[in-house]
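Note sheet for the following structure.
Every read-out reported here was derived from the displayed coordinates using simple, explicitly stated rules and does not represent laboratory data. Everything numeric in this text was worked out from a predicted model, so none of it was measured. With ideal geometry, Cβ positions are generated from the backbone for all residues, glycine too; neighbour counts draw on all protein chains shown.
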Amino acid sequence: KNQVEQSPQSLIILEGKNCTLQCNYTVSPFSNLRWYKQDTGRGPVSLTIMTFSENTKSNGRYTATLDADTKQSSLHITASQLSDSASYICVVRGFYGGSQGNLIFGKGTKLSVKP
Amino acid sequence: NAGVTQTPKFRILKIGQSMTLQCAQDMNHNYMYWYRQDPGMGLKLIYYSVGAGITDKGEVPNGYNVSRSTTEDFPLRLELAAPSQTSVYFCASTNRENTEAFFGQGTRLTVV
C-alpha cells in the first residue's frame, strides 16, 4: 500500500531556531512530492513541489530536499517565526488512481514556535 | 480567479439529516477531491473525480455520495448524517499536468 510517513508527530521550538521535518514514502511510481502548511482551521497551502529529478527547492525560509533513491524528503525551516506554528504535511502524487486517488497524504507534523 | 470555493463554512446537523457540501473551482482542473480531516489526524480521501461524469471511491466513502456533472462543481452528499461524520471537510483540485493542488477553506460539520 502506498504510504507517507512523517516525523516527528509534533515539535516545539523557540523562535529564531531552525528545525527539520522528515517524510518517508513508499509511493511508486512517483510523480512529485509536495510540502504543505496548514494553519489551524484553514486549508493546506503549498510550500514546495519537487519532481523526482529535483534534489532541493527553496521558498523563502523553507527548504525542501528529496532523495528519490531512498524515498525520503525533509523540510528545513530557518530562523523560525511565531507564524510558522502550523501543521506541515508531506503529500506524494502517484501516477495512478485507486482508492487513494493520486495524492497520498502524510499525517503531518505539528510545529509550535514559542517566544 | 477564486480558486476552490467551499460552502458552507460551518454546519450543525442532527442525526439522520441530509445535506450537500458544495465545491466549485474556476481553474478548469480535471481532478477534484473530497477529504475529511478528524482532529489531530491526516486528510483521508472520501471520493475523487478525474473529470466530468467520472467519480471513484477513496479510502472512506461509506455514508457519502458525489456527482460530477460539470468540470467546475463537485458536490458531496451526506444522506443520513451520523456522529461519526463530524469532521472538517476539504475539497481540492488539480489539473492533469499541473503539480499543484489547491484546497478550499474547509467545511466544519458537527452531527449531534
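Brief remarks follow.
- Looking across the range A:9-38 at every residue that is loosely packed, with under 13 Cβ neighbours inside 10 Å and not polar (S, T, N, Q), the one that is nearest to B:Phe102 (Cα to Cα) is identified as A:Pro29.
- The residue of the range B:5-15 that is farthest from the other protein chains (Cβ to nearest Cβ), among those that are surrounded by fewer than 18 Cβ atoms within 10 Å (Cβ to Cβ) and in a strand (DSSP E or B), is B:Ile12.
- Some residue of the range A:33-56 being under 24 Å from B:Leu45 (Cβ atoms) and more than 14 Å from every other protein chain (Cβ to nearest Cβ): no
- A:Val92 vs. criteria surrounded by fewer than 16 Cβ atoms within 10 Å (Cβ to Cβ), of a type outside the set (Asp, Glu), within 22 Å of B:Gln37 (Cα to Cα) and under 14 Å from the mean Cα position of the chain (by Cα): no
- Condition met for A:Ser74 (of a type in the set (Gly, Ala, Ser) and within 11 Å of chain B (Cβ to nearest Cβ)): no
Rundown of residues vs (1) free of Cβ contacts under 8 Å to residues at least 40 places away in the same chain; (2) within 14 Å of chain A (Cβ to nearest Cβ), yes/no style:
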position: B:Gln22; (1), (2): no, no
position: B:Asn30; (1), (2): no, yes
position: B:Ser49; (1), (2): yes, yes
position: B:Ala52; (1), (2): yes, no
position: B:Val66; (1), (2): yes, yes
